[in-house]
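The values are calculated or read from the model by the stated rules, or taken from the named source; none is laboratory data. Small disclaimer: the values here were computed from a predicted structure and weren't measured. No Cβ is skipped: glycine too gets one built from the backbone with ideal geometry, and neighbour counts run over all protein chains shown.
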Amino acid sequence: MGNSSSSSTPTLAPGRQCGTCTLCCKLIAVVELDKPEQVWCPHCVKGEGCTIYADRPRVCRDWHCAWRSWSDVPEEWFPRRSGIVLRADPGGITAFVDPGRPRAWRAEPFHATLRRWAAPTADRGFQVVLVRVGQEAFAVLPDRDVALGPMGAGDRLDVRCNRGPTGPVYSARVARG
């Protein structure tokens, strides 16, 4: 999988543009604008774009969803179509789901892809896959999904892999911040 870092010169997947997609302006928190998750940015015109585009904060200038940053994320993940905004995080990925389509992440091909991203590989081990639907959080583990309940802004997901009698045993919990 590619990298969606917040560097000032991100590498973007060729041919992918936001266009009329503004879903990140609803689902992602922007501390610099005092905008929480799941609330439309007051500077966003839904389906059109940012009214302060030329003067938007650096975090908005530098950030791109994984659909724009990772060429190996399939077209069906376009946020406006899927209802899911993907964000790269240290050690994993967070899928922010539009609360108007709360089951979008469980539909195919999305759920199978999230499960595949959580599965361990020889080069990276397993990675954390967190799904956020409003304040509710879910961990997608290689073998199952875990409902975590409400998750606050300072909380983080703690995923562990232990050796069981028949192979790896995964667990997930919210670590309160």
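Being exposed (fewer than 13 other Cβ atoms within 10 Å of the Cβ), part of a strand (DSSP E or B) and touching a residue at least 24 places away in the same chain (Cβ under 8 Å) narrows it down to one of 177, 149, so name that one. Only one candidate qualifies: 149.
So which residues in region 51-88 are more than 21 Å from residue 41 (Cβ to Cβ) and surrounded by fewer than 19 Cβ atoms within 10 Å (Cβ to Cβ)?
Quick first cut of region 51-88, residues more than 21 Å from residue 41 (Cβ to Cβ) only: 70-77.
Correct list: 71, 72, 74, 75, 76.
Scanning region 20-38 for residues that are in a loop (DSSP other than H, G, I, E, B) and farther than 21 Å from residue 77 by Cα yields a total of 2. Just wondering, is there one or more residues in region 94-105 that are within 17 Å of residue 84 (Cβ to Cβ), under 13 Å from the mean Cα position of the chain (by Cα) and in a loop (DSSP other than H, G, I, E, B)? Yes; the residues of region 94-105 include at least one that is within 17 Å of residue 84 (Cβ to Cβ), under 13 Å from the mean Cα position of the chain (by Cα) and in a loop (DSSP other than H, G, I, E, B).
Which residue, of 97, 129, is modelled with pLDDT of 95 or more and surrounded by 15 or more Cβ atoms within 10 Å (Cβ to Cβ)? Reasoning before the result, please.
Working: 129 fails: modelled with pLDDT of 95 or more.
Only one candidate qualifies: 97.
Can you run down the residue pairs with Cβ atoms below 8 Å, 6 or more apart or on separate chains, where the first is in region 41-59 and within 15 Å of residue 28 (Cα to Cα) and free of Cβ contacts under 8 Å to residues at least 24 places away in the same chain and the partner is aliphatic (A, V, I, L, M) and assigned to a loop (DSSP other than H, G, I, E, B)? From region 41-59, the pairs are 43/52. Any residue in region 18-32 that's under 15 Å from residue 132 (Cα atoms): show its pairings with residues that are polar (S, T, N, Q) and surrounded by fewer than 20 Cβ atoms within 10 Å (Cβ to Cβ) at Cβ separation under 9 Å, as long as the two are six or more apart or on different chains. Cβ pairs passing all conditions: 26/38; 27/38; 29/38.
Which of the residues that make up region 111-144 are in a strand (DSSP E or B) and either farther than 27 Å from residue 39 by Cα or more than 16 Å from the chain's Cα centre (by Cα) (or both)? So that I can check it myself, show each step before the final result.
Step one: list which residues in region 111-144 are in a strand (DSSP E or B), which gives 121, 125, 128-133, 136-140.
Those that are in a strand (DSSP E or B) and either farther than 27 Å from residue 39 by Cα or more than 16 Å from the chain's Cα centre (by Cα) (or both): 121, 125.
More than 26 Å from residue 156 (Cα to Cα) and touching a Phe, Trp or Tyr at 6+ places or on another chain (Cβ under 8 Å): does that describe residue 26? In short, no. Among the conditions (1) over 26 Å from residue 172 (Cα atoms); (2) modelled with pLDDT under 90; (3) not β-branched (Val, Ile, Thr), residue 88 misses just one, which is (1).
Quick check, is residue 132 under 24 Å from residue 21 (Cα atoms), among the basic types (Lys, Arg), touching a helix residue (DSSP H, G or I) at 6+ places or on another chain (Cβ under 7 Å) and touching a residue at least 60 places away in the same chain (Cβ under 8 Å)?
Values: under 24 Å from residue 21 (Cα atoms): yes; among the basic types (Lys, Arg): yes; touching a helix residue (DSSP H, G or I) at 6+ places or on another chain (Cβ under 7 Å): no; touching a residue at least 60 places away in the same chain (Cβ under 8 Å): yes.
No, not satisfied.
Of the listed requirements (1) charged (D, E, K, R); (2) within 27 Å of residue 111 (Cβ to Cβ); (3) touching a strand residue (DSSP E or B) at 6+ places or on another chain (Cβ under 9 Å), residue 56 misses just one: (2).
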